[in-house]
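What follows is a short report on a single structure.
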């Protein structure tokens with residue numbers, strides 16, 4: 001979804017990155033800083049302060065755009081930088097979900113959080129693993145729920161839950177085991193897990209077709 005607006009997101013990331021570009025901050029430093037700073041929204045989520053967690057997570061996630069923009073603007077684009085960015089993204093994705101899970105009680109909640117974790121990692125691995133058997137076309141990965149969409153949904157979920165809690169707004173209906181004060185969080189995490197797992201499944205199907213055609217060509 002967001003990948004279809006490349007020029008717009010590139011201008012936005014360049015604008016956000018402009019102070020770091022002027023200071024000549026190494027892009028890999030920004031990449032690692034993003035992984036460390038995500039501990040703060042994760043800690044607030046574990047405490048149940050979802051509004052602050054959502055605000056901080058949104059701000060920290062901006063670094064994911066900044067490091068690439070700094071690398072391009074300062075001519076520091078490297079293969080290792082791209083590799084490091086991918087590894088750090090996985091750590092950050094897990095940290096915020098684990099923080100959310102730590103603030104919830106009940107095994108059923110960990111089923112929802114676990115589905116989100118499995119879905120995001122399966123989505124990434126379904127892409128990474130196929131390169132051992134050949135380089136597929138870039139069009140193979142054009143699915144809806146990529147990392148930018150995951151970050152956006154999780155940020156909106158945390159903010160939505162935070163506003164409902166802080167302003168005592170009516171909570172949406174949810175299963176009996178979900179407390180009304182966490183209903184927004186439940187539906188957001190459930191949607192996150194379903195979309196992530198669906199994207200992983202779609203990639204597996206596409207890879208099956210790609211590898212089948214490749215084998216027939218050989």
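Legend: calculated FRET efficiency, residue 102 to residue 18, from the Cβ-Cβ distance at R0 = 30 Å, rounded to 0.05, equals 0.25.
Pop the C-beta distance of residue 129 and residue 194 into the FRET formula with R0 = 22 Å and round what comes out to the nearest 0.05.
Result of the calculation: an efficiency of 0.50.
Each Cα pair under 8 Å and six or more residues apart adds its sequence gap; the mean of these over the residue count of the chain is a relative contact order of 25 percent.
Spin-label model, residue 47 to residue 166: label points 7 Å out along the Cα-to-beta-carbon direction sit 1.4 nm apart. From helices alone, the chain scores -25500 deg cm²/dmol at 222 nm; the rule is -39500 (n - 2.57) for each run of n ≥ 4 DSSP H residues, then divide by the residue total.
Translational diffusion of the range 103-193 was estimated from the Stokes-Einstein equation, with Rh taken as the Kirkwood radius over Cα pairs; at 25 °C and 0.890 mPa s the coefficient is 164 µm²/s.
Calculate how large, on average over all directions, the projected area of the Cα convex hull of the range 147-218 is; give the answer in nm² to one decimal.
Over all viewing directions, the range 147-218 projects a mean Cα-hull area of 6.1 nm².
Go ahead and set up a Gaussian network model of the chain, Cα springs under 10 Å, then flag whichever of 120, 132, 161 fluctuates most. Among 120, 132, 161, the largest GNM mean-square fluctuation belongs to 132. Computed over the Cα atoms of the range 25-67, the ratio of the radius of gyration to the Kirkwood radius (Rg/Rh) comes to 1.05. Rounded to the nearest 0.05, what FRET efficiency is calculated for residue 86 and residue 208 with R0 set to 30 Å and r the Cβ-Cβ distance? Calculated value: 0.80.
In a GNM of the chain with a 10 Å cut-off on Cα contacts, which of 18, 124, 61 has the highest mean-square fluctuation? Top of the fluctuation ranking is 18. Would you mind estimating how fast the range 2-217 diffuses translationally, via Stokes-Einstein at 20 °C and 1.002 mPa s with the Kirkwood radius over Cα pairs, in µm²/s? Translational D for this selection: 116 µm²/s. A simple packing score, the average count of other Cβ atoms within 10 Å per residue, orders the peptides 92-100, 165-173 as 92-100, 165-173, with the highest score first. This ranking places 163, 20 by how few other beta-carbon atoms lie within 10 Å of each, fewest first, which gives 163, 20.
A full extension of the chain between residue 156 and residue 59 corresponds to an added length of 33.7 nm, given 0.36 nm per residue minus the alpha carbon distance.
No value in this document is a laboratory result; all are computed from the given coordinates. Keep in mind that what you see is a predicted model, and the values were worked out from it rather than measured. Here Cβ is always computed from backbone atoms with ideal geometry, including for glycine, and neighbour counts include all displayed protein chains.
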